[in-house]
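Okay, so here's the structure we're looking at.
The values are calculated or read from the model by the stated rules, or taken from the named source; none is laboratory data. Everything quoted here is computed from the prediction, not taken from an experiment. Quick reminder, even Gly has a Cβ in these numbers, built from the backbone with ideal geometry, and neighbours come from all protein chains shown. With ligands, DNA and RNA removed, areas are computed over all heavy atoms of the protein, side chains included. Shrake-Rupley method; radii C 1.70, N 1.55, O 1.52, S 1.80 Å.
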Amino acid sequence: TAEEIACLPELSDEQIIMGQKMLSLSNTACFLVQPTLFPIIVFLMVRFSVKYGIGASSCDGFATFGLLLCGIFGDLMGGREMAKAAELILANHDSKVMKSRVGFVCEAFVLHWTVPLQATFVPLLQGYQIGLCGGDIDSAGWCLVMRCHHLFYAARPLEGLEREIHTCVSIMSQLNLEAHRMVALPYLLAVAKLRGVDVAEEYMDLEAMVKVASETSNMASRGHAIFAQLELMVIFKDWKRATELLIEAGNLRLYIPGHFVGVRFTALDALISLKAAQTSSSFLGRMLWKRRGLKSMKLLRSWIKKGNGNVVHLHYILSAELAVLEGKEKRAEDNFQSAVKIACRSGLLQDRALAHGLAAAYHTKQGDNYWAGYHNECSQEAYAAWGAKSQVQEGA
């Protein structure tokens, strides 16, 4: 348990303490550019803590171990227990240097699996402030960047969100945190695209970002840039390009384990796959895309059963599209309605708009102009309330 881990003997060997610090410093860099090495470093930190004792750097090891348990092994409760252990160790050692880092890992990679995404906003902002005061600029920057990500996914109004992300990007530039800036920038570009406004000429577009990230082996930045593109293609109903990009992207979850982006990518992967199956001209293509969609849906369903409430509405959307693919009209309509209700109750305007838009497309195909018009109008109202002016203009 977390309590038993926190009560392990104190680490006293100076060489091991220095080794733990070096591993902790290597953690973030490996996560960004060499994800296959990241788990090895985490396992070494946990092993040394259990074998030689608990030190100030141990809280980083257990927090990142929680990241792996949630993001790779699907053990949400186990991951939360490791996050709790990290917090207890941090409290026992009163390490100001590690406070921001542990807060960043726990809130951005562990706790969102079992708590509402909105619950991470304040802790991440506090982590940013603590990091600045304590001199941990790197972790402070990550706290602010991850907060912007969560605000985007939680459908904060786009006008205010654009200001906040722009401020974040500017701060990262001032602090010379280029890796942080490259992970925040795709969402600024996506928000600007949705609002129909121009961004500064100094910012490259999303396609250029993918190219630069690939050339510099910054896989995390590449993943975020591709994901922002997929989000825009889904919102603007560009299913053909979304399918092509999905094939090109590969499994983005491997490069952003534990992050909510990986969870969201799983849902978009399933949605785009089911849409590709619906339009496939060959029986084999239809079956292959359907199988891919079902695989991602199974993963989402397992997370929901383990306590992830942030994706329930997305699973209803996917269940509706699967029913459309299989010709089960009543089931499709019921699932679309459930998706809308849950997204509305959760305040997720973009997903409420998405559910209405998909329902409108379904009823149009069925020749039911009344319900198609109703859902299309509701979709446009939700996008307008979110601030996605360019989508509303295109829909009109």
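Scanning segment 10-39 for residues that are open to solvent by 90 Å² or more (accessible area, probe 1.4 Å) and of a type outside the set (D, E, K, R) turns up Ser12, Gln15, Met18, Met22, Leu25, Thr36. When Thr114 is tested against (1) within 25 Å of Val263 (Cα to Cα); (2) out of contact with any helix residue (DSSP H, G or I) (no Cβ under 6 Å at 6 or more places or on another chain), only condition (2) is not met.
Scanning for something within 20 Å of Asp75 (Cβ to Cβ), touching a Leu at 6+ places or on another chain (Cβ under 9 Å) and either at pLDDT below 95 or in a loop (DSSP other than H, G, I, E, B) (or both), does segment 310-320 turn up at least one residue? Yes, some residue in segment 310-320 is within 20 Å of Asp75 (Cβ to Cβ), touching a Leu at 6+ places or on another chain (Cβ under 9 Å) and either at pLDDT below 95 or in a loop (DSSP other than H, G, I, E, B) (or both). His150 meets each of the listed conditions (1) open to solvent by 10 Å² or more (accessible area, probe 1.4 Å); (2) at pLDDT 95 or above apart from (1).
For segment 88-105, which positions are open to solvent by 10 Å² or more (accessible area, probe 1.4 Å) and either assigned to a helix (DSSP H, G or I) or closer than 18 Å to Glu164 by Cβ (or both)? Within segment 88-105, Leu88, Leu90, Ala91, Asn92, His93, Lys96, Val97, Met98, Lys99, Arg101, Gly103, Phe104 qualify.
Looking across segment 350-365, just one residue is of a type outside the set (D, E, K, R), open to solvent by 40 Å² or more (accessible area, probe 1.4 Å) and either touching a strand residue (DSSP E or B) at 6+ places or on another chain (Cβ under 8 Å) or within 14 Å of Gln380 (Cα to Cα) (or both), and that is Ala361.
In this structure, Ile272 does not satisfy being within 18 Å of the chain's Cα centre (by Cα), without any contact (Cβ under 8 Å) to a residue 24 or more places away in the chain and closer than 24 Å to His224 by Cα.
Taking the criterion of being polar (S, T, N, Q), modelled with pLDDT of 85 or more and more than 31 Å from the chain's Cα centre (by Cα), the only residue of segment 1-51 that qualifies is Gln15. Every condition in (1) closer than 23 Å to Leu189 by Cβ; (2) under 16 Å from the mean Cα position of the chain (by Cα); (3) open to solvent by less than 20 Å² (accessible area, probe 1.4 Å) holds for Cys168 except the one numbered (2). Considering segment 230-275, and only residues there that are open to solvent by less than 10 Å² (accessible area, probe 1.4 Å), out of contact with any Cys (no Cβ under 6 Å at 6 or more places or on another chain) and small (Gly, Ala, Ser), the residue that is farthest from Gly357 (Cα to Cα) turns out to be Ala249. For Ala343, the stated conditions hold: it is closer than 21 Å to Gln391 by Cβ and either small (Gly, Ala, Ser) or outside any helix (DSSP H, G or I) (or both). Counting only helices (runs of 4 or more DSSP H) that sit wholly inside segment 1-75, those with at least 2 residues that are closer than 23 Å to Met146 by Cβ are 14-33, 38-52, 58-71. Put simply, of Ala108, Ala56, Ala2, Ala83 the only residue that is without any contact (Cβ under 8 Å) to a residue 60 or more places away in the chain and either crowded, with 24+ Cβ neighbours inside 10 Å or closer than 26 Å to Val263 by Cα (or both) is Ala83. Note on segment 188-203: among residues that are out of contact with any Lys or Arg (no Cβ under 9 Å at 6 or more places or on another chain) and touching a residue at least 12 places away in the same chain (Cβ under 8 Å), the one that is surrounded by the most Cβ atoms within 10 Å (Cβ to Cβ) is Val191. Do we find that Ala155 is under 30 Å from Gln350 (Cα atoms), open to solvent by less than 10 Å² (accessible area, probe 1.4 Å) and touching a helix residue (DSSP H, G or I) at 6+ places or on another chain (Cβ under 9 Å) in this structure? So Ala155 passes the test.
Only one of the listed residues (Ser217, Ser221) is of a type in the set (Gly, Ala, Ser), at pLDDT below 90, open to solvent by less than 10 Å² (accessible area, probe 1.4 Å) and over 30 Å from Arg345 (Cα atoms). That residue is Ser221. Cβ-Cβ distances below 7 Å connect the following pairs, each with a first residue in segment 173-187 that is open to solvent by less than 10 Å² (accessible area, probe 1.4 Å), a second residue that is outside any helix (DSSP H, G or I), and a separation of six or more residues or different chains: Leu185/Tyr203.
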